[in-house]
Amino acid sequence: MQLIINLRPNLSAHIVYLSIQQMNLIESIILGIIQGLTEFLPVSSSGHLELGKALLHIKLADNLLFSIIVHTATTLSTIIVFWKDIILIIKDLFKFEWNESTQFAAKITLSMIPIGIVGLLFKETVEGFFQGDIELVGMMLCLTGFLLSFTYFAEDKKGGTLTFGRAAIIGIAQAIAIIPGISRSGATISTAILVGVDKSKAARFSFLMVILPILGATLLEIKDYLTQASSHDLSMTALGAGFTAAFITGLFACKLMIDLVKKGKLIYFAIYCFVVGVSVVIFF
């Protein structure tokens, strides 16, 4: 990481180097914790990562790489929390029948198409969102607040099914949520509830639908990192520290979020997003 600091002329170069290296590891852990806590809570983990970098005065050339690595950590948390569901789906797929698990897998595949198109065709545009545009983050947090507010007034369609059409709409919401400040879980769960999906089913689908896109993006970024290592400003130690911190805190946040969605307490996060979003726009 490159730390933006004001240097006094009489500071020696090797002391400055040591300070940056020490902060490198600490900042990675702090940002990893931020990612882990905010990935599953509907407050935009990518937005909070950008805010964290701004508050810590961190400027990275590899913003997207770090974001994807810590997102991978929370995706691993998702796999552990939903491991029974995932194993059941895989087992049923090998029965080669059009059963419930096969249909669910097909709906997940359908939901991945929008974000896949965005990732492949608009990669440079996406990378541009991760360059510290804090005002954009603030405005998008307010948009997330509006989305979450709508769910407070929406009728809980208990037993509401997840159709292919609804899965496609949720997939579009996930693609839009690639913008920092728009919560992925908030956008997908809110959209699912608004189109009539049962709350518990909405949370389950929201967390499972992101696994393959994130893992795919991670493999591509790691490939680029290994083939162009000399051009990167992030060490493997920093990436590992951020990954570990995000994974551990993500386990806690994932289980917490499932419970909160079932109880319909998303309105509190809407208020939080409004407060933080407006504050960011005003003060940054």
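In region 24-183, a dipole from Cβ-located charges (positive for Lys and Arg, negative for Asp and Glu) runs towards its positive end, and of 160, 29, 173 it is 160 whose Cα lies farthest in that direction.
Extension gain for residue 56-residue 125 works out to 22.4 nm (0.36 nm per residue, less the C-alpha to C-alpha distance). Sorting the segments 71-81, 269-279 by their residues' average number of neighbouring beta-carbon atoms within 10 angstrom, most packed first, yields 71-81, 269-279.
Read-outs throughout are calculated quantities, based only on the coordinates presented, and are distinct from any laboratory measurement. Since this is a predicted model, take the numbers as computed values, not measurements. Virtual Cβ from ideal backbone geometry, glycine too; neighbours counted across all protein chains shown.
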